[in-house]
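Taking it in order: structure first as structure tokens, then the write-up.
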Amino acid sequence: MKVLVVDDETDVQTLFEQRFRREIRAGEIQFAFAHSGEKALTYLNDHSSEYVLILSDINMPGMSGLELLRLIRTTYPVAPPTVMMITAYGDAESHDQAMKLGADAFLTKPLDFSNLKEKLKSAL
């Protein structure tokens, strides 16, 4: 499974690589990282058919995760089938907006990596 993680916090890459070390070594999951919505779109344009899942932060400078989600769901005819939104603010408004825009899941920070691993496995 190929997963694109979109988050403006650069330490997220290290965190994911540590928490999924076993799955990465076993070849079960491949991660790519984009540090903005704009970079995520560029990455998806260059690798459109490869990624089956996107994990995106909502609150980022420039393009928000919700705007990225809207563009993915309305612009990409072959969008990754699963898009999960992540936020430090678990407010109902962000949740409702993400779900209306086509998010498959809504996760809050700090991430529960056991729960995330289960969600990723069920998305396969």
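The values are calculated or read from the model by the stated rules, or taken from the named source; none is laboratory data. Just so it is clear, the structure is predicted and the values come from calculations on it, not from any experiment. Because the Cβ atoms are built from the backbone with ideal geometry, glycine has one as well, and the counts that use them run over all protein chains shown.
Taken over segment 1-59, the criterion of being part of a loop (DSSP other than H, G, I, E, B) and of a type in the set (Asp, Glu) is satisfied by ASP7, ASP8, GLU9, GLU28, GLU50. Filtering segment 56-113 to residues that are basic (Lys, Arg) and either surrounded by 19 or more Cβ atoms within 10 Å (Cβ to Cβ) or farther than 17 Å from PHE16 by Cβ (or both) leaves ARG70, ARG73, LYS100. Tell me whether segment 23-37 contains one or more residues that are without any contact (Cβ under 8 Å) to a residue 24 or more places away in the chain and of a type in the set (Val, Ile, Thr). Yes, segment 23-37 contains at least one residue that is without any contact (Cβ under 8 Å) to a residue 24 or more places away in the chain and of a type in the set (Val, Ile, Thr). Would you please list the contacts, defined by Cβ atoms under 7 Å and residues six or more apart or on different chains, that run from a residue in segment 109-121 that is over 21 Å from PRO81 (Cα atoms) to a residue that is outside any helix (DSSP H, G or I)? Final answer for the pair search is LYS109/ILE86; LYS109/THR87; LYS109/ALA88; LEU111/ILE86. If we scan segment 30-38, do we find a residue that is surrounded by fewer than 17 Cβ atoms within 10 Å (Cβ to Cβ), more than 22 Å from SER114 (Cβ to Cβ) and of a type in the set (S, T, N, Q)? No: segment 30-38 contains no residue that is surrounded by fewer than 17 Cβ atoms within 10 Å (Cβ to Cβ), more than 22 Å from SER114 (Cβ to Cβ) and of a type in the set (S, T, N, Q).
Taking segment 1-58 as the range and being over 30 Å from GLU93 (Cα atoms), hydrophobic (A, V, I, L, M, F, W, C) and at pLDDT 95 or above as the test, the residues that pass are PHE20, ILE24, ALA26.
The rows are residues; the columns are (1) modelled with pLDDT under 90; (2) within 19 Å of ASP11 (Cβ to Cβ).
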| site | (1), (2) |
| --- | --- |
| LEU68 | no, no |
| LEU71 | no, no |
| ALA79 | yes, no |
| ILE86 | no, yes |
| ASP91 | yes, no |
| GLN97 | no, no |
| PRO110 | yes, yes |
| LEU116 | no, yes |
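The single condition from (1) farther than 17 Å from MET1 by Cβ; (2) loosely packed, with under 13 Cβ neighbours inside 10 Å; (3) at pLDDT below 90 that SER122 fails is (1).
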